Amino acid sequence: MSTPVQTPTQQLQVVTAQPKRIPILGRLSPEGWMVLPTVLVLLAVSIYPFLYMIRMSFFEYSPLPQVPSKFVGLGNWVQMLQDQAIWASWLTTAWYFGAALTLQLVLGVAIALLIEHTPYFRDALATILLSPMFVAPVLVGLLWRFLLHDSYGVYTYFLHEIGLLNNVSILGDPRTAMPAVVLMDTWEWTPLVVIVVLSGLRALPHDVLEASVVDGSSYWQQVRYITLPMLRPVILVAALIRSMDLLRYIDHLMVTTAGGPADSTKIIGIRIFEEAFRFFRLGYASALGLAMIVVTIFLGRLFVNVLGEEQGAPGA
Amino acid sequence: MRKNETIEKFGGTERRLTRRTALKTGAAIAAAFAVAPALGARAAQDAGTPAADAETWGQYKDKGIQINFLSEDTPPTAAMINHVGEFEELTGITVNITQTGLADVVTKVLLDFASQAGDIDVIYADPMQIMAPLYGNFTDLRTFIDDPTLPALPNGLDDFDKMNLIGSGYMIDREKLLAIPYDAPTMLLAYRTDIFENATYKDLFQQEKGYDWTPGPNITWEQYREIAEWINGKVADGTIAEKVAGTGHQAKQYDSLMCDFSNVMLAEGGNYFDNPDYATWGTATPGGCALGSPEALAAAKLYDSILKQAAPGSLSWDWNGLAEAFSAGGIAMAPEWHEYASMFEDENLSTVAGHVKWALLPKGPNGTKNLWGGTGLAVNSYGTEERQRAAWLFINWATSPETQKKLLLEGSTPTRTSVYQDAEVQQWIADNKDPLVAVLPTVLDAWKPENIGLAQGKIVTWVQVDEAIFTDLSKMLTGSKTPEQAMTDAVSTIDKINNWPPAGA
């Protein structure tokens, strides 16, 4: 049976007779249709607010209906760059970030190795050690505020008993407040590093480790030259997750020091919260928030690049 | 103090008879005769009891109205929860009460106003942190007071303590009532009687220092510091057996630090702004920051020296932390909000129950000044008309003399003068058995114009100004700034926040 040949006019009629479609939807595969609702929800709850935040950063933005917002162009961004208090907060953030991340990674890896080599009750031990992670950060702050209270705090009492920090308020002295909040965060989130590293440890190829034993390497040599290098991608993932959280989470700081004393614990997250929800300067807070996102992305890319190089795919 | 002079001035203005006043009075009398029957009916309502006005109170019965009351977690609201059922039974209106920290209240109210949702019907309107920056979003309560279809406000507005009414109720516009006085915490000096009334300690101090150390307005802030220092020394050498610090303060880098400093600053004759309205009626033009004055600088130096004698924990305590430390028995005396009397006398929470007295704060060249921190209840203007009316019914009930009297025994401080004139309340005070009631005469003494401390600003930028004040004070107390630097920097930051001096000036 021969196929009837259509004239160009007929072809045009066929095309125009088809219902109009949004081109991208027409090309969607069944999987694409299944993902579409998620994308739409993401657009609504994440991307739209993000774009709105960018817009707000160019305004002296008023959330109140009777106060009009005023376009200020790059005013908020210029102010941010000139604001010494903001730079001081970034410096504080750097200290907090560096100390907490280093401590958590070192302790996390050490505890994971310890658990992995514990002969008995390994899972029970892991569960107990992981428990702080399941406490809400604000409760962690309240707990530590209680433990470090100058009148009845248990830790304060023991420190005083052994002659340490007498006549010093741990949360009220700039020299001790920062270490205290770093320790609080470390107490809560080191378990996350432990989980990640433990999963990496359990996935390590046993033949390599056994071969090193046969070759006569000690335990520490094994850790130094085999385990840690092989765990490096896993540790980088843990570092990536923790670095993003360290910039974002301010709960325990808010309920313990609230950024004090003398701004010694006022990390950038607290500053943004204050600008947005205490001073209602949402435009300026948006600029600060976007700057924080840029820093977070930069750190993320840094870790991903390192990870990519490790896996032989630079910039992955 | 300028603020107190302002209040006195308002009182004085009412008494002065000018031609305009005389004309107004004449017109008012004529009008009164003309509407006498209506006023008579209104007077019947003014009895104020729900029983006398059951119809208007019950107008929403069976309509299933629910309203939301958002409050800071304060004693009156904690007590209110136990009694709100009475209101629900009376009116048929369900009240959902949410209590949280003040900062959280501020954020939630802002978001409600921004979305114009009107979900929070009754707002705990802190004059400084909520009313001042958001005052355009509250309903003028005179709409309800003047509405004959709603129950009258028992005893009228004049029943409220004038200072509380001005401080809690208005923001700039003196013709627009935005809130009804609800709670009225006031800073007083709490002290341990087992230390200060111990004859051995007292006589020894008198012998060494030459004056009576009983805390109160008879001593100066310098003497207060000296007493604290003396106690610290005597505890260290074992003369005083109790392991206490001479004093404790709420000097965390927080709002509490500004409050704590204000007591000393006002007593020294300083203030945050020169415009006398900034802490009373509220103002849009506070002017330049006055922290650079010699009085403010003297206060900063004195406060810094006082904190050197305070328990080290003072730098990490807000009012809650200080109250906990005092209750734990670690402090001999402390300036604290009087509402913590209930905590200090609760044997489950306090080791010093039965050993605490309250006095006015020490004096300075400007006398004793006791910071006031009252708050009113306001109606969200974005609610539906029906819900706004329901919210007003709740506010009317919650601040009525009957309710205030009930809540008095549960830690709340009445803001109505009629409650204090009530024979039963006077008997409670005379009996001096209940510690919560026992503190009230001192509170009333503190509310006198010459004693009250009004320093917290009813200005739109107050939250930022407050932050600037307590941040520089914290830097001063931790030694990173001298008092001079702290005050100079605070002035610079605050004037920048307020765009002062104005462009072209």
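Rule-based calculations on the coordinates, nothing more; no lab input. Just so it is clear, the structure is predicted and the values come from calculations on it, not from any experiment. A quick note on method: Cβ atoms are made from the backbone with ideal geometry, for glycine too, and the neighbour counts reach across all protein chains shown.
Projecting label points 7 angstrom from Cα along Cα→Cβ for A:Val45 and B:Ala236 puts them 5.9 nm apart. Each of B:Thr200, B:Gln250, A:Gly216 was placed along the dipole of the protein assembly as shown (beta-carbon charges, centred on the mean Cα), and the one lying farthest toward the positive end is A:Gly216. The H on the amide N of B:Ile331, modeled in the peptide plane, is under 5 Å from the matching H of B:Ala245, each at least 5 residues off or on a different chain. Classified by the C-alpha gyration tensor, chain B has a prolate form. Its axis ratio a/c, with a ≥ b ≥ c, is 1.5 or above, and a/b is larger than b/c. Would you please classify the overall shape of region B:335-476 from the alpha carbon gyration tensor, given that a ≥ b ≥ c denote the square roots of the eigenvalues, rounded means a/c under 1.5, and beyond that prolate means a/b larger than b/c while oblate covers the rest? Note, shape of region B:335-476 comes out oblate.
Taking the centroid of alpha carbons for each part, region B:340-398 and region A:272-289 are 30 Å apart.
For region A:207-260 and region B:246-274, what is the separation of their Cα centres, given in Å? Between the Cα centres of region A:207-260 and region B:246-274 lies a distance of 47 Å. Evaluated at q = 0.06, 0.07 Å⁻¹, a Debye calculation over the C-alpha positions of the protein assembly as shown (equal weights, vacuum) places log10 I(q)/I(0) at -0.49, -0.65. Based on DSSP H segments of at least four residues, each scored -39500 (n - 2.57), chain A has a per-residue ellipticity at 222 nm of -21000 deg cm²/dmol. Farthest toward the positive end of the dipole of the protein assembly as shown, out of A:Gly283, A:Trp189, B:Phe344, is the Cα of A:Gly283, where the dipole comes from beta carbon charges about the Cα centre.
If you take the square roots of the eigenvalues of the alpha-carbon gyration tensor of region B:125-203 and sort them as a ≥ b ≥ c, do you get rounded (a/c under 1.5), prolate (a/b over b/c) or oblate?
Numbers: a/c = 4.48, a/b = 2.43, b/c = 1.84.
In terms of gyration-tensor shape, prolate.
Considering only beta bridges that DSSP places wholly inside the protein assembly as shown, some 65 percent are antiparallel.
To the nearest 20 debye, what is the magnitude of the charge dipole of the protein assembly as shown about its Cα centre, counting +1 on the Cβ of each Lys and Arg and -1 on the Cβ of each Asp and Glu?
So the magnitude is around 2300 debye.
Hey, how much of the P(r) for region A:186-316 falls beyond 17 Å, as a percent of Cα pairs? For region A:186-316, the fraction of Cα-Cα distances above 17 Å is 70 percent. Each Lys or Arg adds one and each Asp or Glu takes one away; over the other residues whose Cβ falls under 11 Å from the Cβ of B:Gly330, this sums to -1. Positive contributions from Lys and Arg (+1) and negative ones from Asp and Glu (-1), summed over other residues with Cβ under 14 Å from the Cβ of A:Ser89, come out at -3. Compactness of region A:75-310 is given as radius of gyration and Dmax, 20.5, 67 Å, from Cα positions. For chain B, give the magnitude of the charge dipole about the Cα centre (Cβ charges: +1 Lys/Arg, -1 Asp/Glu; no others), in debye to the nearest 20. The calculated dipole for chain B is roughly 1340 debye. Once Lys and Arg get +1 and Asp and Glu get -1 on their Cβ, which of A:Val140, B:Leu444, A:Leu231 lies farthest toward the positive end of the dipole of the protein assembly as shown? Final value for the positive-end residue is A:Leu231. Taking amide H as placed 1.01 Å from N in the peptide plane, the amide H of B:Lys363 sits under 5 Å from that of B:Ile219, B:Thr220, B:Trp221, each at least 5 places away or on another chain.
Multiply the residue separation of A:Val306 and A:Thr118 by 0.36 nm, subtract the distance between their alpha-carbon atoms, and state the gained length in nm to one decimal.
Values: separation 188, 0.36 × 188 = 67.68 nm, distance 3.14 nm.
Roughly 64.5 nm would be gained on extension.
Taking the helices alone, chain B has a mean residue ellipticity at 222 nm of -14000 deg cm²/dmol, built from -39,500 (n - 2.57) per DSSP H run of at least 4 residues and averaged over all its residues.
The convex hull of the Cα atoms of region A:70-176, projected and averaged over all directions, covers 11.7 nm². Place a point 7 Å from Cα of A:Gln222 in the direction of its Cβ. Which residues in region A:95-127 have their backbone N less than 19 Å from it? The answer is A:109-123, whose backbone nitrogens lie closer than 19 Å to the label point.
Label-to-label distance, A:Ile241 versus A:Thr296, with points set 7 angstrom from Cα along the beta-carbon direction: 1.6 nm.
State to the nearest 20 debye the size of the charge dipole of region A:75-310 about its Cα centre, where the only charges are +1 on K and R beta carbons and -1 on D and E beta carbons.
On the way: 13 positive and 18 negative charges, 81 e Å.
Charge dipole, region A:75-310, about its Cα centre: 380 debye, nearest 20.
Over 20 Å between C-alpha atoms is what I'm after, so list which of B:Lys162/B:Lys252; B:Lys234/B:Lys357; B:Lys458/B:Lys496; B:Lys209/B:Lys363; A:Lys70/A:Lys266 land there.
Numbers: B:Lys162/B:Lys252 32 Å; B:Lys234/B:Lys357 22 Å; B:Lys458/B:Lys496 18 Å; B:Lys209/B:Lys363 18 Å; A:Lys70/A:Lys266 29 Å.
From B:Lys162/B:Lys252; B:Lys234/B:Lys357; B:Lys458/B:Lys496; B:Lys209/B:Lys363; A:Lys70/A:Lys266, over 20 Å: B:Lys162/B:Lys252; B:Lys234/B:Lys357; A:Lys70/A:Lys266.
Between the alpha-carbon centres of region A:119-138 and region A:58-90 there is a gap of 43 Å.
Given contacts defined as C-alpha pairs under 8 Å and at least six residues apart, what's the relative contact order of region B:184-271, whole-number percent?
Values: 48 pairs, mean separation 13.4, N = 88.
So the answer I get is 15 percent.
Take the Cβ atoms of A:Phe146 and A:Ile54, set R0 to 56 Å, and the FRET efficiency comes out at 0.85. For B:Lys176, give me every one of the aspartates and glutamates with a C-alpha distance below 20 angstrom, ignoring sequence neighbours fewer than eight places off in its own chain. Once the sequence-local aspartates and glutamates are set aside, what remains near B:Lys176 is B:Glu14, B:Asp121, B:Asp126, B:Asp140, B:Asp146, B:Asp147, B:Asp158, B:Asp159, B:Asp161, B:Asp277, B:Glu385. Remark: mean inter-chain Cβ contacts per residue of B:92-103 equal 1, using a 10 Å Cβ-Cβ cutoff to other protein chain atoms. Using θ = phi - 60° in the Karplus curve 6.51 cos²θ - 1.76 cosθ + 1.60, the 3J(HN,Hα) couplings for region B:269-280 round to x, x, 6, 7, 9, 7, 5, x, 7, 5, 10, 10 Hz; x is entered for Gly and Pro.
What does the structure give for A:57-65 when I average, per residue, the other chain Cβ atoms found within 10 Å of the residue Cβ? Before the final figure, lay out each step's value.
Values: counts 0, 0, 0, 0, 0, 1, 5, 8, 7.
The mean count of partner-chain Cβ atoms within 10 Å per residue comes to 2.
Report the local net charge at A:Phe280: Lys and Arg +1, Asp and Glu -1, summed over other residues whose C-beta lies under 12 Å from its C-beta. Display every interim value, and only then the final one.
Details: positive: A:Arg278, A:Arg281; negative: A:Glu60, A:Glu274, A:Glu275.
That sum, taken over residues with Cβ under 12 Å, equals -1.
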